[in-house]
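The structure under discussion appears below in the form of structure tokens.
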Amino acid sequence: MKNYTKTITERPWLTILLIFLITVFFGWNLKNIKMDPDITSSLPKNIPAKLLYDRMNDIFPSRDFILIAVESDSLFSPANLQTLFKLTEDLESIPDVYSVMSPTNIKVIRGTEEGMEVKSILDAPPQNARQVEAYKQVLYHSDLPIENIISADQKMAGIMVFLKNTVKPEDAAAEVMAFVDNVDSELHIYITGKPILTLYLGRGMGRDMGVLFPMVLLLIVLMLFISFRNIRGVLLPLGVVLISVLWTIGLMAFLGIPISHSTNMLPILLASIAVADGIHILNNYLNKARPGTQPLQVTREVMQDLNKPVIITSVTTAFGFLALNASSIGSVGELGIFTAAGVIFAMFFSLTFIPAALVLLPLPKKALKQSKSRWMNRAVTAYAEFLISRKSWFAVAILLIVLLSVLGFPKIKLENNSIGNFPKTHPARVDYEHINAHFAGSTFLTVMVEGDSSGQLKEPRVLRDMAKMETFLNRQEHVGGTLSLADFIRRMNKVMHADSSTYDCIPADEETETGVEWIQENGRWIEKQITFKVPGRALIAQYLQLYEMSGKPDDFANLVDYKYKTGRINAFIDTESSGVLHTLHDAVRAYIRDHFNSARVELTGTSELFLAINDLVVKGQFYSILVSLILVILVTTILFRSLGSGLLNVVPLLFAMIFNFGFMGWAAVHLNIVTMLTSSIAIGVGVDYAVHLIHRYRVQDDHRAVAERVKRALEQAGVPILLNALTVGLGFAILSFSIFAGVKHMGILISIAMFTSCFGAVAILPVLFLYFGEKKNV
Amino acid sequence: MHRYFSQSALSGPVFKWMLTALLCVFIFTALPAQDLTGFQIMEKALNKSSWQDMSGEVTLILSNARGERRTRKIDMFSRKRTAEESDMLMRFKAPADVKGTAFLIIEKKDKDDERYLYLPAMRRVKRIASSGKGGNFMSSDFTYYDIGKPKLRDWTYKKLADEKIGKWDCYKLECLPADENIIKDTGYGKIIRWIRKDILMTVKSEYYDRVLRKWKTLQVPGMETIEGVWFQTDMKMNDVQNNHASEMRFTNLKVNQNIPAKFFTQRFLQRGR
């Protein structure tokens, strides 16, 4: 270590030049950084719902859709219908749009005297009141799936825009959104759907990045200036922060890892952590730099003192972050890996760039003022004496806090709701809520029905199961409507039997039909009624044949595959609340198990993806806490060469975590994909405080009384611990200025965790020493 | 089938809507005319003489972006009822679940064609509402318009520089719709045609949508003469916007066998043979 410092301090220019060159390399890579705000894309590939969701793109030409709604008190005026008609046509011609379903173009299956007619509801917009009435008559009385295209109060028209699956949904969403923004109309237009939300999420992330990072830098500058009142005291740690963030993001860009909803927070987290080592080094340097000393000499002394603690705290922090990989959510693991890399980068710069720069700079003119730290030191001494004399008060208070926190646990709600993440007035949320309040819903559950052979989806028993499944789904709360091939077959069966409601169903396996036959009687051909039996399968196949005679090649492509082997039922849901989705999921699963046996059935859709994330959040939470605790125990046990000390280290962390979850319970902060990160980060960063205190306690003379040793340890470690916690805690608190509720909550939680783990180190550990301190090896 | 047919004279122009394939020509009418205008070329191509009736077997192959296929086999009969109107009957042989269904089209000069489908499962004839010329022919990428014979004056023609398609010298025509209704009716904003100089048969076309994006391409890998009449016996229509393709192959083509008129009635449709 000494040699290493010697090398650095002997070749300061070379060191800085090398760092500069690598910085240029990563900086150059920054232009390649991509963004992937889609939360569901970080789901592991082996999750069945995700696997199937991806596979849907192989089977059907379109998967994701955008829901646009137009609102007016006089929706059915010829002028408004004209606008809607035009809007529908224009949307259809957007290249990334697969198909559009709106009140002006929905296909109507009409029964006619002699047969069946399939065509768009309108050829041209209605011109007068009479035509409007006729149009409304057809719209409302043709058994159409209008739940997502006309609101119950008749004031909103919905346009479902299905996106081609050959494009990235959010790119197509940007195209559709740009189009909608430019629509010149008096009507109020709303727009939502998963691709739109992902688009908004990306924009919000960009905004967060642009606002929060400068904020955290400003905060750092401010704290550094208050601490040092000295240019180098500000610039050197700030340099470490900037270079380590730049390297980390540059590395991500180099490896082709996009910025996700999780790694979006990385610069803020990293900046808050990266500044700490610099503070310690500068503080030490400015304390040691007295007139008559040489910069090289002072720097070497400082580094000799601090090399080890800087490495140890950085390594424990990095391990804490790496523990995030215990979660199987890809983006969370990436946050862990790259923040860990960033922490190590920061450590590296603190040990190279700062000493190299200090060697090159002349000694500061003024020595650091000591008055400020003197009153702080007096306060810490007073606190230590108070703690020693009132240790039982402390013990009781701590136990009460723990008890109260534990009581809050059952109140913790697991809730991943990407819409609740947006502020109440954000267009993403306003539009989503308005549309979902009036239509069937923009979230969908897909029931995939997979046959074993071609044509199985034409079997009456399969279609019957599907139709019953839809009836069941429509009875569930929050399910606003369903769509499947079975609807069309049912409708056709009715239309083909003179619109008789007896035939408003899927044909039976064998149907009795009446028809006519031409027979020759007395040399003349006459028509004669006959009754005969026919397989339902043949009926269905021939209905489809009839439909196809006037349809387009891909009319059913989004409902059933080309071979009629795999089909799907889409159920539209008006919420993303994981609680609701879970209940629905369980009910649907149970129904399938008991009632659907004509084909294999699997579930997917956006609702299933949200649920999968939810489940992973719970599992990830548990494992990442476990892994980070084990890592902390391991690292500190090795460091202190004592398992007891290693275990003791996690006590303040356990306290911080218990408080964290208690707080979440009582303050109704939901556990979700963002707030789940709190624990692991808190463990990695918060362990430093305990390390410092235990280290100080252990180095005190064994012969002194425990109380005396506790007092001295607090006096020596108290101020740095508090300053450290304050800097990091305030830095993390910047996250609470995010526009996203989840990130906000996490900023608050993690700031609190900094102070509670700090409290654990300066209150709980001393109390433990005071009660159990006689034992050796603590 | 043969016993229903007897020879009759060739007559009249125009079989308006079924199959450019069935457009036919006396091979000798093609003139080596360098200085023809686009309009004149099209006029000559359209005014070729034709057959009175014809029959054949059609294989219709639809394929989607994933390369999956749906294959239909059909027996087809057609007969000119008047100079400008024809009737057509198609009987499905495969796939099995639609075997026996039959499709009858009665062409009407000044109004929508009558289209009927016989469904053996119901033993009923169902009328199919006309979806206009722009409607898809049996759910394929061919529209009724594509397989029919275009009206000369529906389009304006611009002769582009001659090109070779394969080994054939071709005229290249840019056809633009004469008015808005044509666009509405056909869905096409522009068609480029390559017409063989020697026999005046279209060997390739490109279809553009109303905003002039390329939409479909037609290729004609197979052409045959049957009793001196040229037929497009293999046509491939490729929808480049939706990645869907349809191919029509004709075999066993016969012409002028004197198919009787009663062949093309609802009663016959239902009764079978």
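The values are calculated or read from the model by the stated rules, or taken from the named source; none is laboratory data. It should be emphasised that the depicted structure is a prediction, and the values quoted were computed from it without experimental measurement. For neighbour counting, all protein chains shown are included, and Cβ atoms are generated from backbone atoms with ideal geometry for every residue, glycine included.
Any residue in the stretch B:110-132 that is more than 14 Å from chain A (Cβ to nearest Cβ), surrounded by fewer than 20 Cβ atoms within 10 Å (Cβ to Cβ) and modelled with pLDDT under 85? Yes. The single condition among (1) closer than 22 Å to B:Leu212 by Cβ; (2) outside any loop (DSSP other than H, G, I, E, B) that A:Met116 does not satisfy is (1). Step by step: first the residues of the stretch B:15-63, then only those that are part of a helix (DSSP H, G or I) and modelled with pLDDT under 50, then the one that is nearest to B:Thr143 (Cα to Cα). Which residue is that? Looking at the filtered set, the residue picked out is B:Thr20. Being assigned to a strand (DSSP E or B), more than 14 Å from chain B (Cβ to nearest Cβ), out of contact with any Cys (no Cβ under 9 Å at 6 or more places or on another chain) and β-branched (Val, Ile, Thr) narrows it down to one residue among A:Val449, A:Val516; which is it? Checking each option against the conditions leaves just A:Val449. Does B:Asn136 meet the test of being touching a His at 6+ places or on another chain (Cβ under 8 Å), within 11 Å of chain A (Cβ to nearest Cβ) and either buried (at least 22 other Cβ atoms within 10 Å of the Cβ) or under 26 Å from A:Pro61 (Cα atoms) (or both)? Criteria not met by B:Asn136. Can you work out which of the residues in the stretch A:576-614 that are among the β-branched types (Val, Ile, Thr) and either part of a helix (DSSP H, G or I) or modelled with pLDDT under 90 (or both) is surrounded by the most Cβ atoms within 10 Å (Cβ to Cβ)? Applying the filter and picking the extreme gives A:Thr606.
In the stretch B:203-235, the residue that is farthest from B:Tyr188 (Cα to Cα) out of those that are basic (Lys, Arg) and crowded, with 18+ Cβ neighbours inside 10 Å is B:Lys204.
Looking at the stretch A:524-546 only, could you name the residues that are of a type in the set (Ser, Thr, Tyr) and either surrounded by fewer than 21 Cβ atoms within 10 Å (Cβ to Cβ) or assigned by TED's automatic domain parsing to the domain that holds A:Ile106 (or both)? Please lay out each step first, then the result.
As a first pass, look at the stretch A:524-546 and keep what is of a type in the set (Ser, Thr, Tyr): A:531, A:543.
Residue satisfying the conditions is A:Thr531 alone.
Filtering A:Ala174, A:Ala124 for residues that are within 14 Å of chain B (Cβ to nearest Cβ) and at negative phi leaves a single hit, A:Ala124. Sort through A:Leu603, A:Leu544 and tell me the only one that's hydrophobic (A, V, I, L, M, F, W, C) and in contact with a strand residue (DSSP E or B) (Cβ under 7 Å, 6 or more places away or on another chain). One residue alone meets the criteria, A:Leu603. Could you check, for the stretch B:76-87, whether at least one of its residues is within 19 Å of the chain's Cα centre (by Cα) and within 12 Å of another protein chain (Cβ to nearest Cβ)? Within the stretch B:76-87 (the criterion being within 19 Å of the chain's Cα centre (by Cα) and within 12 Å of another protein chain (Cβ to nearest Cβ)), the answer is no, since none of the residues qualifies. Looking across the stretch A:47-84, the residues that are within 14 Å of chain B (Cβ to nearest Cβ) and assigned to a helix (DSSP H, G or I) come down to A:Arg55, A:Met56, A:Asn57, A:Asp58, A:Ile59.
In the set (1) away from chain A (no Cβ under 14 Å); (2) more than 16 Å from the chain's Cα centre (by Cα), the condition left unmet by B:Glu206 is number (2).
A:Phe422: among the hydrophobic types (A, V, I, L, M, F, W, C) and under 27 Å from A:Leu726 (Cα atoms), yes or no? No.
Each residue in the stretch A:289-348 was checked for being out of contact with any helix residue (DSSP H, G or I) (no Cβ under 8 Å at 6 or more places or on another chain) and basic (Lys, Arg), and 2 pass.
Count of the stretch A:699-716 residues, restricted to those that are surrounded by fewer than 22 Cβ atoms within 10 Å (Cβ to Cβ) and without any contact (Cβ under 8 Å) to a residue 60 or more places away in the chain, is 10.
Within the stretch A:415-450, work out how many residues are aliphatic (A, V, I, L, M) and under 21 Å from A:Val588 (Cα atoms).
Residues flagged as aliphatic (A, V, I, L, M) and under 21 Å from A:Val588 (Cα atoms) within the stretch A:415-450 amount to 5.
Residues that are assigned by TED's automatic domain parsing to the domain that holds A:Leu360 and more than 26 Å from A:Leu735 (Cα to Cα): does the stretch A:185-198 have at least one? Within the stretch A:185-198 (the criterion being assigned by TED's automatic domain parsing to the domain that holds A:Leu360 and more than 26 Å from A:Leu735 (Cα to Cα)), the answer is no, since none of the residues qualifies.
Would you confirm whether any residue within the stretch A:734-741 is outside any loop (DSSP other than H, G, I, E, B) and farther than 19 Å from A:Ala667 by Cα? Before the answer, list the steps.
Just the residues of the stretch A:734-741 that are outside any loop (DSSP other than H, G, I, E, B), to begin with: A:734-737, A:741.
Going one step further and asking which of them are farther than 19 Å from A:Ala667 by Cα, we end up with A:734.
Yes, the stretch A:734-741 has at least one match.
Of all the numbered requirements in (1) farther than 25 Å from A:Ala587 by Cβ; (2) of a type outside the set (A, V, I, L, M); (3) in a loop (DSSP other than H, G, I, E, B); (4) more than 14 Å from chain B (Cβ to nearest Cβ), A:Ser454 misses one, and that requirement is (4).
Here A:Val449, A:Val406 are screened, and the one residue that is over 24 Å from the mean Cα position of the chain (by Cα) and within 30 Å of A:Ile506 (Cα to Cα) is A:Val449.
Residue by residue, here is whether (1) farther than 22 Å from A:Tyr503 by Cβ; (2) β-branched (Val, Ile, Thr); (3) in contact (Cβ under 8 Å) with a residue 24 or more places away in the chain holds:
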| site | (1), (2), (3) |
| --- | --- |
| A:Ala79 | yes, no, no |
| A:Thr88 | yes, yes, yes |
| A:Glu92 | yes, no, no |
| A:Thr112 | no, yes, no |
| A:Gly115 | no, no, yes |
| A:Gln127 | yes, no, yes |
| A:Val132 | yes, yes, yes |
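Can you name the residue in the stretch B:96-109 that is more than 8 Å from every other protein chain (Cβ to nearest Cβ) and buried (at least 18 other Cβ atoms within 10 Å of the Cβ) and, of all such residues, is modelled with the lowest pLDDT? Filtering first and then ranking leaves B:Glu107.
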